[in-house]
1. I need the full set of residues from segment 52-73 which are farther than 18 Å from D105 by Cα and touching a strand residue (DSSP E or B) at 6+ places or on another chain (Cβ under 6 Å), in order please.
2. Run P73 past the list (1) under 27 Å from F135 (Cα atoms); (2) crowded, with 16+ Cβ neighbours inside 10 Å and report the number of the one that doesn't hold.
3. Applying the selection to segment 81-91, what residues are touching a residue at least 40 places away in the same chain (Cβ under 8 Å), under 14 Å from D107 (Cα atoms) and not acidic (D, E)?
4. Give me the pairs, please: first residue somewhere in segment 30-58 and at pLDDT 90 or above, second residue anywhere and part of a loop (DSSP other than H, G, I, E, B), beta-carbon distance under 6 Å, and either six or more positions apart or on two chains.
Amino acid sequence: MRLIPLLTSLVHSVLGTLYEQMAQLLRKLISSPRNRHSDPLSDTSLDLAYLTPNLIVMSTPASAFPKTLWRNPTVDVRKFLDANHPGAWRVWSLRAEASDYFDHDLDGRGTLPLGPAFLPVCFCSLPCSVSVQRFWLMN
């Protein structure tokens, strides 16, 4: 009787590890020829770039399968930001479509998209967004 839960746990562990390794390989292939940002502090590898010491750009993270296969998973983004910028980070979405992450995955620190779904971002909304971001970065 005790063998069945043990085998089930072992199968889930092996499949989970295999899935994560395949997802990391797929993300690496998709982001090439760019180099991924490997961070030993949070043990993550993300497709992102630092513009300044306090400003990072990256594609929209994802919370759900299958998009977590090719996008930065919100779990890893959160782990990276908490390790490298504890308590001092926020995520702004600069795309018009709905976000691919759940707000609770980023502890409510994600912003809503700048426009209606499937339309380009309206340039008239950018000055307001930039001033909010600038205010947040200055404080």
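The values are calculated or read from the model by the stated rules, or taken from the named source; none is laboratory data. Since the model is a prediction, treat every value here as computed from it, not as a measurement. Cβ coordinates were reconstructed from backbone atoms using ideal geometry, including for glycine residues, and neighbour counts include every protein chain displayed.
1. Hits for segment 52-73 are I56, V57.
2. (1)
3. Taking segment 81-91 and keeping what is touching a residue at least 40 places away in the same chain (Cβ under 8 Å), we get 82-84, 90.
Now narrow it down to the ones that are under 14 Å from D107 (Cα atoms): 82, 90.
Scanning segment 81-91 gives a single hit, R90.
4. L46/N72
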